[in-house]
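Visitor: First, the structure itself, so that you have it in front of you.
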Amino acid sequence: MKFTQPSLLTAGLVGALLLNSGCVQEIGFFCERGEGPIVTQQIDIDDITGFNLATVADVFLTQGETQSIEIEGPQNIIDLIVNNSEVRNSIWDIDPDRCIRLGNDPLNIRITIPTLTQAHISGAGCVEGMTPFVDLDDVDLAISGAGSMDLDLTANTVTSDINGAGDITGCISATDVTLNTSGAGNYSTCITAETVEARVSGAGNLELEGTATNLEYRSTGVGELDAFQCEVSEALVSLSGAGDAEVWVTDRLTVVISGTGDVEYIGMPQLETDISGTGNVRDRN
């Protein structure tokens, strides 16, 4: 069969759509549609300490003494999740193994677990903490896509990565906190920590409040740091892109600028600067 030029273009567009699961979900090709009444089903799986959410669901997290998991949604979608998901190394992969199309139907997953080590979102899912999670060891948070996460955590360490346009909010109390964003992801977080390391490599923004002993912030993109409400003793701010930073530092502030971004500070720290770009350092007291 001989394709005309428009036919080749059409075939290419369709192929691209089929390769993009997000687009497939929007137009409904090969997607499983929710059918029947909305039901709530308790499910029994191995004990978990975390999850990977790979579908368009809302996850509601509660810290409790014993594990309990229930799913609310169309029965055929619940069956897909139960039959295709698995637990590996105490992490539940919540993956129906195909795109789903819910329309106006809910897909709510309510998880009660004693402890939390991991919460990952791949896609446009949402995670909301219904209670604070306390007495945790090391916690790994991640969003790849446009998901959102709102959690209050007390832990030894918390590491968080956003790759895409996701948002992470809530409060973190930990010895060490790492916040990374590449893309357009945003943080709006209250912090109580000894050490905070934050890196921005895209257009994402960080809004921090609270207290920390040490802050290290590095930006290679156009995102901004708003930390006038986060009191830190010592800070290193390094800007090699076009993003700006606002910090509250009491003892020592080191600023390295090789781009066009500006650093503004409040407090009375000892100031050291290394500026090779066009950015400036401004005292906002």
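Every number in this text was worked out from the coordinates using simple rules, so none of it is lab data. Just so you know, these numbers come straight off a predicted model, no measurement behind them. FYI the Cβ positions are ideal-geometry reconstructions off the backbone, even for glycines, and counts take in every protein chain you see.
Visitor: Compute the longest continuous run of the chain that contains no exposed GluC sites (Glu not before Pro); treat a site as exposed when its DSSP state is not H, G, I, E or B and it has at most 15 other Cβ atoms within 10 Å.
Guide: Formally, the longest exposed-site-free interval is 66-285.
Visitor: Here's another thing I want to ask about it. Longest segment of the chain with no chymotrypsin sites (Phe, Trp or Tyr not before Pro) in a DSSP loop having at most 16 other Cβ atoms within 10 Å?
Guide: Answer from the scan: 31-285.
Visitor: Longest exposed-loop-site-free stretch of the chain, with trypsin sites (Lys or Arg not before Pro), DSSP loop and at most 15 other Cβ within 10 Å?
Guide: With trypsin sites (Lys or Arg not before Pro) excluded where exposed in loops, the chain gives 99-283 as its longest stretch.
Visitor: Would you indicate which of (1) 22.3, 76; (2) 19.4, 64; (3) 17.9, 52 is the value of Rg and Dmax of the Cα atoms in Å derived from the coordinates of this structure?
Guide: Answer by label: (1).
Visitor: Mind checking the angle between helix 5-19 and the chain's longest principal axis? C-alpha axes, 0 to 90 degrees, to the nearest 10.
Guide: The two axes meet at around 80 degrees.
Visitor: Expressed as an acute angle from 0 to 90° and rounded to the nearest 10, what is the orientation of the C-alpha long axis of helix 75-84 relative to the principal long axis of the chain?
Guide: Roughly 70 degrees, rounded to the nearest 10.
Visitor: Then there is this: Return the distance in nm (one decimal) between the two label points of a simple spin-label model at Asn108 and Val87, each offset 7 Å from Cα along Cα→Cβ.
Guide: 2.4 nm
Visitor: P(r) for segment 133-284, please, calculated from all Cα pair distances in 5 Å bins and given in %.
Guide: Cα pair-distance distribution for segment 133-284, in percent: 2, 10, 21, 23, 20, 13, 7, 2, 0, 0.
Visitor: Please name whichever of Thr49, Thr189, Gly204 sits farthest to the positive end of the charge dipole of the chain, dipole taken about the Cα centre and charges placed at Cβ: Lys and Arg +1, Asp and Glu -1.
Guide: Going by the charge dipole, the pick is Gly204.
Visitor: Which value, in debye to the nearest 20, gives the size of the charge dipole of the chain about its Cα centre, when Lys and Arg are +1 and Asp and Glu are -1 at the Cβ?
Guide: Working: 11 positive and 43 negative charges, 251 e Å.
Value, rounded to 20: 1200 debye.
Visitor: Considering the options Leu239, Phe133, Leu215, tell which one lies farthest towards the positive end of the dipole of the chain, charges being +1 on Lys and Arg and -1 on Asp and Glu at the Cβ, about the Cα centre.
Guide: Going by the charge dipole, the pick is Leu239.
Visitor: Here is a further query. When the chain is fully extended, how far beyond the present Cα-Cα distance does Met268 get from Arg282, taking 0.36 nm per residue of separation?
Guide: Net length gain for the segment: 3.8 nm.
Visitor: Over the chain, what is the mean sequence separation of C-alpha contacts under 8 Å (at least six apart), divided by residue count, expressed as relative contact order in percent?
Guide: With pairs under 8 Å counted, the relative contact order is 10 percent.
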